[in-house]
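Trainee: Sharing a structure here in structure tokens format.
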Amino acid sequence: MSTGAPRYQPAQFEASGWESGTPERKARFVNSLLRFIAADFPRERFTRSLYGGFSTHGCFGFIAHYNLDGFYEAQLSTPDRRARFLHDLRQECERDARHDRPDLWSDVKRVLAERLQPQELQPPARRLPAPTRRHSSPSRRDCRTLF
């Protein structure tokens, strides 16, 4: 996922009918989540609002694991857990994105289903530096070589 990810605006989302699902909160959640993923899941950026979005407000189907630290440990603490988390999140979003249910955050899930495609999650390719040429002096051989 590129760090230049689009910034989503509240006007792109519908109110869920709950205080936790205002268009402003949904936009904040999407933008925070995409930045968090793009930064490779740093623990210090896993906020209460991200945790709340996954565990209670967003209807994403994740178990809360009792608290923010438990959730992070169980879902995001290793590369394998992150890959599984992204796979599960993408499936959940793809399944619910087709519904017109702002109370179940289907508008958020449509955005995430699009943004969490495997090609979007690849880090940008790094170019390797060109090899440097060494100028070597003619070798002096002490004896014959076979090659």
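Trainee: For the range 57-95, name all the residues that are without any contact (Cβ under 8 Å) to a residue 40 or more places away in the chain, within 15 Å of residue 33 (Cα to Cα) and over 16 Å from the mean Cα position of the chain (by Cα).
Mentor: 68
Trainee: For the range 64-118, give me each residue that is assigned to a helix (DSSP H, G or I) and of a type in the set (Asp, Glu).
Mentor: Residues satisfying the conditions are 69, 73, 80, 88, 92, 94, 96, 103, 107, 114.
Trainee: Now a separate question. Which of the residues spanning the range 28-40 are under 18 Å from residue 117 (Cβ atoms) and either of a type in the set (Lys, Arg) or in contact with a Ser or Thr (Cβ under 9 Å, 6 or more places away or on another chain) (or both)?
Mentor: 35, 36, 38
Trainee: Right, here's the next one. Just a yes or no: is a residue in the range 27-34 among the hydrophobic types (A, V, I, L, M, F, W, C) and either assigned to a loop (DSSP other than H, G, I, E, B) or loosely packed, with under 14 Cβ neighbours inside 10 Å (or both)?
Mentor: no
Trainee: Here is a further query. I'd like to verify a number: residues in the range 96-107 that are over 18 Å from the mean Cα position of the chain (by Cα) and surrounded by fewer than 19 Cβ atoms within 10 Å (Cβ to Cβ), how many?
Mentor: Selection size over the range 96-107: 7.
Trainee: Is it the case, given these coordinates, that residue 8 is buried (at least 17 other Cβ atoms within 10 Å of the Cβ), at pLDDT 95 or above and among the hydroxyl-bearing types (Ser, Thr, Tyr)?
Mentor: yes
Trainee: Looking only at the range 35-60, which residues are surrounded by fewer than 16 Cβ atoms within 10 Å (Cβ to Cβ), among the β-branched types (Val, Ile, Thr) and within 18 Å of residue 82 (Cα to Cα)?
Mentor: The answer is 47, and nothing else.
The values are calculated or read from the model by the stated rules, or taken from the named source; none is laboratory data. Since we're looking at a predicted model, the values are computed, not measured. Methodologically, a virtual Cβ is constructed for each residue, glycine included, from the backbone with ideal geometry; neighbour enumeration extends over all protein chains shown.
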